[in-house]
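The structure follows.
The values are calculated or read from the model by the stated rules, or taken from the named source; none is laboratory data. Being a predicted model, the structure only gives us computed values, none of them experimental. A quick note on method: Cβ atoms are made from the backbone with ideal geometry, for glycine too, and the neighbour counts reach across all protein chains shown. Ligands, DNA and RNA are stripped out before the accessible areas are found, and what is left, the full protein with its side chains, is counted by its heavy atoms. Shrake-Rupley method; radii C 1.70, N 1.55, O 1.52, S 1.80 Å.
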Amino acid sequence: MSACTGCADRTPPPTNLGKATLRVFRYRPGGLVNGWHDTFEVPYGTNTSVIDALQWIKEHLDPTLAFRASCRMGICGSCGLMIEGRPRLACETFVRTLGSQATIEPLANFAVERDLVVDKQPFLDALRSVRPWVVGDDGTRAAEPGQPAEPAQSVEPGRQTPPQLMKYQDFAQCINCLLCYAACPQAGFERGFLGPAATATAMRYNRDSRDHGAGKRLEVLDTDEGIWPCTFVGACSQVCPKGVDPAAAIQMAKLIAAGRWAKDMVSHG
Amino acid sequence: MKASSLPQARVDVLIVGGGGAGLRAALEIAEARPHLSVGLVSKVYPMRSHTVAAEGGAAGVRSPDDSFAAHFADTVAGGDWLCDQSVVEHFVERAPAELALLERWGCPWSRRSDGEVDIRRFGGMSRARTWFAADKTGFHLLHTLFQRSLRYPQIRRFDEHFLLDLLTDSGAVVGALAYDHREGLPLHLSAGAVILATGGAARVFAQNTNATIVTGEGMSMAMRAGATLRDLEFVQYHPTGLPGSGILISEAARGEGGVLLNSAGHRYLADYGLGPITEPGHPLAKHMELGPRDRLSQAFWHEQQAGRTIATPDGDVVHLDLRHLGRARLRQRLPLICELARSYVGIDPLKAPIPVAPSAHYTMGGVRTDLTTSTGVPGLYAAGEVASSGLHGANRLGSNSLAELLVFGREAGRQAALHAEAVGSPTTATTAATAAQADHLAAHYLGMRGAGSEPAAEIRRELGRTMADHLGIFRDEAGLQHAVDKLAELKRRYAAVRVTDTCPVYNTEWAEAIELGGMLDLAQVMAAGALARRESRGAHQRLDHPERDDHGFLRHTLATTGPDGPRLGYEDVTITTSAPAARTYGAPA
């Protein structure tokens, strides 16, 4: 009598392709070792994602395995991992596409908290520093953090033409999965480097016709830690699962910063 | 009295849940009452919240040929007259301004060529009034709100903090006990008011469209704190989820002109009172594929019974055909749908139809709230899917819930701020009593680790199957009674649930076990309410009571905690201007 036509917890999966071997990184905080790999045999089918496989391990082999996941559909950004050495979204990566012994590890360039869970706080700090909000006429009177604001009781939506929307639309697709930081050769070494996703978000607002905060954001971007550590390897854009192209954002920011220097030279020189 | 041994923090307003409703509440307080401190607790990072997965859009009257009266009428009929009409009036009047405010805040709404915000058609809506950002509306809405929240230092975030329980004193909510996954420590949060914005509970069903985090603990913890749950038996099956995973294929696909086909390639919705057949790519309001979700999911069930669905390894499906929309329209209006179809079922919607099946999607019921978002428990407010605001009745119309997050999230922020200002700082006696309660609860929950014998995964699997098998699109007395008995058995087993992991940090086995306990409580309320409701209305369809019974059941189901499971009661529906009538979709017969 049910119309449920399947079951999210399928054991074994309906289209059984056999068993895969996953080598999974493990780490416990405060332990005496720096981490190790456990090997698990996992049944898989056509639609078994790496997240499905990790969940299967947790339910059948080792309930202590810790990892992040939520939406299962590539939009929440929780489940970025190093899969066979490449940063990928585990929910969009299918076991059938992996080698016979695939290694699953936490995202590179972040401190590991436990097993596959890393510390993402440095990104949140970088994100806040670029003022990721519309600066200007945004329906409130407040301009600066901490100042009183009065929400407008009723506002009319403003206009923005499709070409104006297209100027920033790609940069607005960032899901904060941080694969770009794991791919970046600078992110692991430069303390305070804003990095690809935060810069892309800064440029998303800079290029939005409703925003007037580009000048303030440039003060953050145009510093030794801001955009300049980027050596334009472009790995960030290659691994982005949403086509954001943060490398292009960083180059745009560099051009604007360089333009400001040139202007300063002329006016002060 | 001895102070709590737990780490403590004090905020004026504590918000539980960092999705659309929670963030909107936080922004309201930060902007209108900047002297107040806000604590924002999320068991994930706020931008991971399930609002992110909403696709199609948010409803608000916009075009000159539309009116609040029309939005009201569509919502009330869509809800099969179980909506509280004063709430619907309040909502439709405020939704457009909230959506406009989001525009000012940077939400990348899709635009017409003249730059005006565009709107699209949606199921059960008589006019186009759904604002959208391609088919990632929830994603953009959530990131717009989250990023804006970063400008206010008085919003103190508690990311990856799992809420264990609410803390009460003399019947009022005065804080909560949270657990910091990263530090591996419980945290006693005290607050002048608490807002629940924890989302729905559709994860209790085996096949669902929801993120794994949508486990309903706000509802179960509100019930434990003395709040009333309402209408929990009304669970929406979205007609178009991907087979097996249940991943959502937005109603926008039909709003843009997609059509549903059975195994014979026939537009079967015409056989269920939704016709006449419309031209593919030219959807007509309230006809065929733009009927309400409950009707479409029921039609699927009938086709399945008649053997006219298509068998796949992941269960029976019908076909959602978008091929006629063409490459440009698909790319511009439905990019996520195309990505999802390619990734998860290997289909290019330009070349082949997408296999789809109904999947549990949304809990119309929740914590009973009034127009002020108050739960009736002093100091406790609720907004968004966790709440039963009275807006959705027996069946929610698509795109009403994103707008609801904003309208009622804001209201919750306003009301909780007023309450927090009125109660001021807690007295010493309150603090001591609450600390003892927090210590006691912390000992209980921490004691679950390294104990028990019953595997949680097995209980969770049986729960999902039970709900899908017996509380699905159609229900009957025998099945519901079976579900009630089975859930009681699962609950007994859960009392000895096993948690192997004793590590204090990121102990997700433990957190999932706690979530499971709340899910069982909610499943019991759903089953008890469905068994007692001997009629068919909206998303609650009884094969043994196929007619709507306004004499007996034009009432909300109420549930509170009883000694042996939920205790049921009823209350009248608020009717202002729209007397119950027949729901009409398609052309009049």
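Restricting attention to region B:469-514, which residues are within 11 Å of chain A (Cβ to nearest Cβ) and of a type in the set (S, T, N, Q)?
Residues satisfying the conditions are B:Thr500, B:Thr502, B:Asn507, B:Thr508.
I'm told A:Ala187 meets every condition in (1) under 18 Å from A:Ser129 (Cβ atoms); (2) at the interface with chain B (Cβ under 10 Å from one of its Cβ atoms) except one. Can you identify the failing condition by its number?
Only one criterion in (1) under 18 Å from A:Ser129 (Cβ atoms); (2) at the interface with chain B (Cβ under 10 Å from one of its Cβ atoms) is unmet by A:Ala187, namely (2).
Now for a separate question. Just to be sure, is A:Pro122 closer than 29 Å to A:Gly226 by Cα, under 16 Å from the mean Cα position of the chain (by Cα), more than 10 Å from every other protein chain (Cβ to nearest Cβ) and at pLDDT below 95? I'd like the intermediate steps shown before the answer.
Working: closer than 29 Å to A:Gly226 by Cα: yes; under 16 Å from the mean Cα position of the chain (by Cα): yes; more than 10 Å from every other protein chain (Cβ to nearest Cβ): yes; at pLDDT below 95: yes.
Here the answer is yes, as A:Pro122 does meet what is asked.
Only one of these conditions is not met by B:Thr51: (1) at pLDDT 95 or above; (2) within 19 Å of B:Arg182 (Cβ to Cβ). Which number is it?
(2)
Do the conditions hold for A:Ala200, that is, is it in contact with a strand residue (DSSP E or B) (Cβ under 9 Å, 6 or more places away or on another chain) and more than 10 Å from every other protein chain (Cβ to nearest Cβ)? Step through it out loud before you land on a result.
Numbers: in contact with a strand residue (DSSP E or B) (Cβ under 9 Å, 6 or more places away or on another chain): no; more than 10 Å from every other protein chain (Cβ to nearest Cβ): yes.
Answer is no for this residue.
Then there's this: Considering each residue of region B:48-69, count those that are within 9 Å of chain A (Cβ to nearest Cβ) and farther than 20 Å from B:Arg254 by Cα, and give that number.
5
Looking only at region B:196-219, decide whether some residue is in contact with a Pro (Cβ under 6 Å, 6 or more places away or on another chain), assigned to a strand (DSSP E or B) and over 30 Å from B:His440 (Cβ atoms).
Looking through region B:196-219, none of the residues is in contact with a Pro (Cβ under 6 Å, 6 or more places away or on another chain), assigned to a strand (DSSP E or B) and over 30 Å from B:His440 (Cβ atoms).
May I ask you to say which residue of A:Phe40, A:Phe25 is over 30 Å from A:Ala172 (Cβ atoms), more than 27 Å from the chain's Cα centre (by Cα), at pLDDT 95 or above and more than 9 Å from chain B (Cβ to nearest Cβ)? Full working, then the answer.
Details: A:Phe25 fails: more than 27 Å from the chain's Cα centre (by Cα).
Only one candidate passes the filter, namely A:Phe40.
On to the next question. Is it true that some residue in region B:202-219 is buried (at least 21 other Cβ atoms within 10 Å of the Cβ), under 20 Å from B:Val11 (Cα atoms) and among the acidic types (Asp, Glu)?
The answer is no, given that none of the residues of region B:202-219 is buried (at least 21 other Cβ atoms within 10 Å of the Cβ), under 20 Å from B:Val11 (Cα atoms) and among the acidic types (Asp, Glu).
It is to be established whether one or more residues within region A:179-199 are modelled with pLDDT of 95 or more and under 28 Å from B:Trp131 (Cα atoms).
Checking region A:179-199: at least one residue is modelled with pLDDT of 95 or more and under 28 Å from B:Trp131 (Cα atoms).
Which of the residues belonging to region B:433-464 are among the hydroxyl-bearing types (Ser, Thr, Tyr) and touching a Pro at 6+ places or on another chain (Cβ under 9 Å)?
Those that are among the hydroxyl-bearing types (Ser, Thr, Tyr) and touching a Pro at 6+ places or on another chain (Cβ under 9 Å): B:Thr434, B:Tyr445.
So, one more: Need the failing condition index for A:Val244 against (1) without any contact (Cβ under 8 Å) to a residue 40 or more places away in the chain; (2) closer than 28 Å to B:Glu103 by Cα, just the number.
If we test A:Val244 against (1) without any contact (Cβ under 8 Å) to a residue 40 or more places away in the chain; (2) closer than 28 Å to B:Glu103 by Cα, just (1) comes out false.
Continuing with this model, one more query. Of (1) open to solvent by less than 20 Å² (accessible area, probe 1.4 Å); (2) over 17 Å from B:Val377 (Cα atoms), B:Gly192 satisfies all except one. Which?
It fails just one condition, (2).
Would you list the strands (runs of 3 or more DSSP E) that sit entirely within region B:342-446 and hold 3 or more residues that are buried (at least 24 other Cβ atoms within 10 Å of the Cβ) and hydroxyl-bearing (Ser, Thr, Tyr)?
So the answer is B:354-363.
Taking the condition of a type in the set (A, V, I, L, M) and within 14 Å of chain A (Cβ to nearest Cβ), does B:Leu82 pass?
Details: of a type in the set (A, V, I, L, M): yes; within 14 Å of chain A (Cβ to nearest Cβ): no.
For B:Leu82, the condition - of a type in the set (A, V, I, L, M) and within 14 Å of chain A (Cβ to nearest Cβ) - is not met.
B:Gly246 is checked against (1) within 14 Å of chain A (Cβ to nearest Cβ); (2) open to solvent by 10 Å² or more (accessible area, probe 1.4 Å) and fails just one. What number does that condition carry?
In the conditions (1) within 14 Å of chain A (Cβ to nearest Cβ); (2) open to solvent by 10 Å² or more (accessible area, probe 1.4 Å), B:Gly246 misses (2) alone.
All but one of (1) of a type in the set (A, V, I, L, M); (2) open to solvent by less than 10 Å² (accessible area, probe 1.4 Å); (3) away from chain A (no Cβ under 14 Å) hold for B:Ala225, so report the exception by its number.
Against the list (1) of a type in the set (A, V, I, L, M); (2) open to solvent by less than 10 Å² (accessible area, probe 1.4 Å); (3) away from chain A (no Cβ under 14 Å), B:Ala225 comes up short only on (2).
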